[in-house]
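As structure tokens, the structure follows; a few thoughts come after it.
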Amino acid sequence: MSQLSPGKTIGILGGGQLGRMLSQAAAQLGFDVCIFTDEPDSPAARVSARTFVANYLDAAALTDFARRVDVVTTEFENVPAQTAEILLTAGARVAPNPRALAIAQDRVDEKSFLNTLGIATPRFAAVSSQAELDAALPEIGTPALLKTRRLGYDGRGQIRINTPQDANDAYEKLGAPGILEGWCGFEREVSIIAARSANGATAFYDVCENVHSGGILSRTILPARVEAHTERSAREAASAVLGALDYVGVLTIEFFLMPGGALVANEIAPRVHNSGHWTIEGAMTSQFEQHVRAIAGWPLGATTRRCDVEMINLIGEDAQSWEACAAESNARLHLYGKRDTRAGRKMGHVTRLLA
Ligand code: AMP
């Protein structure tokens, strides 16, 4: 992959906060950013040089976009697979490659892929009807979670099945092809943010400890309370995934930390991730800059953590506390410029630099 020099244009599919922070990091390295989103007035568009507002399947708009950018990346994984195909046909360089996106979009393919690499996941079964759900339940056991196979995020599209009776009308409630997952009695949730450059070099950030509330990440703390062997297995898993996908860019794996320190992988995010926001102030190179470096064919930056750190998401009305957060001497406030506050919506985050 040839190296993009400053002044070239990076295209980002998606206009959310991840796109916004990617755009800010790209600007710092002298790149222009062009956003492609179906949402007018998006958080990313307001800090970027140019925006296309069109449907993700609008071939004419995508072809025009492909012509104006030097590389295309994504900030959310639910971009239709066809979008990447149209871009590739139009001659765009796309990183990470569309296979990574396709695997991460489908929870069954994702878990099967992880298992082929020897990475443990919760027990699972694909279910496409109530009869398949009924047949899978004895094998998976209860409690279990029924999730949509595709297009789920932040705990949406999930039904908990505590007893076999709970499964009776669960498939109808889900209303889409699903995955039945065995419940994992984890001790904590952790994630690893990793990066791979076009020449195969890899870099890993310290494992992050994550606290979720209602399925949404609320807090990330570093260092995570994990043993050295757990940290090592997170890196090994990330390294295997990056290599198998011939991946270029930043990728995240979310894990359940089991009693005793074993890791069970929950999902792969083929992108920068909320649990990596701490890297903006807490690491030598932020995950956003790292991703830009990788897709631009630059050498990866150092991932060294500068200090202990905590990141708190400002969700919905939490963002009203911006003034207090801004007044804290050891905190850095990030607001995403979203016009409407809604319950469960990520409006910003605060990073506290600790000892
Ligand atoms: P997901 O949408 O798959 O990321 O799930 C959102 C959250 O639900 C996770 O962060 C966990 O807290 C919880 N969760 C998901 N899958 C499982 C599972 N198999 N066992 C226990 N908790 C789970």
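The C-beta contact set for region 136-148 (first residue on the phi > 0 side of the Ramachandran plot and touching a residue at least 24 places away in the same chain (Cβ under 8 Å), second residue assigned to a strand (DSSP E or B) and within 11 Å of the ligand (Cβ to nearest atom), distance under 7 angstrom, 6+ apart or interchain) comprises GLY141/GLY182.
Among the residues of region 174-215, the ones that are acidic (Asp, Glu), within 12 Å of the ligand (Cβ to nearest atom) and farther than 20 Å from ASN162 by Cα come to 1 in all. Only residues that are within 21 Å of ALA302 (Cα to Cα) and either hydroxyl-bearing (Ser, Thr, Tyr) or buried (at least 20 other Cβ atoms within 10 Å of the Cβ) (or both) were counted across region 222-258, and they come to 16. Condition first: under 18 Å from the mean Cα position of the chain (by Cα), outside the structural domain of ASN274 (by TED's automatic domain parsing) and either surrounded by 13 or more Cβ atoms within 10 Å (Cβ to Cβ) or not basic (Lys, Arg) (or both). Can you find one or more residues in region 194-214 that meet it? No, region 194-214 contains no residue that is under 18 Å from the mean Cα position of the chain (by Cα), outside the structural domain of ASN274 (by TED's automatic domain parsing) and either surrounded by 13 or more Cβ atoms within 10 Å (Cβ to Cβ) or not basic (Lys, Arg) (or both). Determine whether GLY261 is at pLDDT below 95 and either within 16 Å of the ligand (Cβ to nearest atom) or surrounded by fewer than 24 Cβ atoms within 10 Å (Cβ to Cβ) (or both). Yes: the conditions hold for GLY261.
For region 91-132, residues that are under 20 Å from MET1 (Cβ atoms) and crowded, with 16+ Cβ neighbours inside 10 Å total 10.
A search for C-beta distances below 9 Å between a residue of region 230-242 that is under 16 Å from LEU101 (Cα atoms) and assigned by TED's automatic domain parsing to the domain that holds GLU209 and any residue that is of a type outside the set (Phe, Trp, Tyr) and in a helix (DSSP H, G or I), counting only pairs 6+ apart in sequence or on different chains, returns VAL241/ALA100; VAL241/LEU114.
Screening SER191 against (1) loosely packed, with under 14 Cβ neighbours inside 10 Å; (2) in contact (Cβ under 8 Å) with a residue 24 or more places away in the chain; (3) closer than 28 Å to GLY297 by Cα leaves a single unmet condition, (1).
Scan region 149-169 for residues that are in contact (Cβ under 8 Å) with a residue 40 or more places away in the chain and more than 10 Å from the ligand (Cβ to nearest atom) and the total you get is 3.
For region 267-305, the set of residues classified as among the charged types (D, E, K, R) and within 17 Å of GLU77 (Cβ to Cβ) consists of GLU267, ARG271, listed by residue number.
Would you call ALA167 in contact with a Ser or Thr (Cβ under 9 Å, 6 or more places away or on another chain), over 29 Å from ASP318 (Cβ atoms) and outside the structural domain of GLN290 (by TED's automatic domain parsing)? The answer is yes for ALA167. Selection of helices (runs of 4 or more DSSP H) fully inside region 1-119 by the criterion of at least 3 residues being in the same structural domain as PRO177 (by TED's automatic domain parsing) and in contact (Cβ under 8 Å) with a residue 12 or more places away in the chain returns nothing. When you check VAL226 against the structure, is it aliphatic (A, V, I, L, M) and either within 16 Å of the chain's Cα centre (by Cα) or within 16 Å of the ligand (Cβ to nearest atom) (or both), yes or no? Here the answer is no, as VAL226 does not meet what is asked.
The values are calculated or read from the model by the stated rules, or taken from the named source; none is laboratory data. Treat the numbers as computed from the prediction; the structure is a model and nothing was measured. Note: ideal-geometry Cβ built from the backbone for every residue, glycine included; neighbour counts use all protein chains shown.
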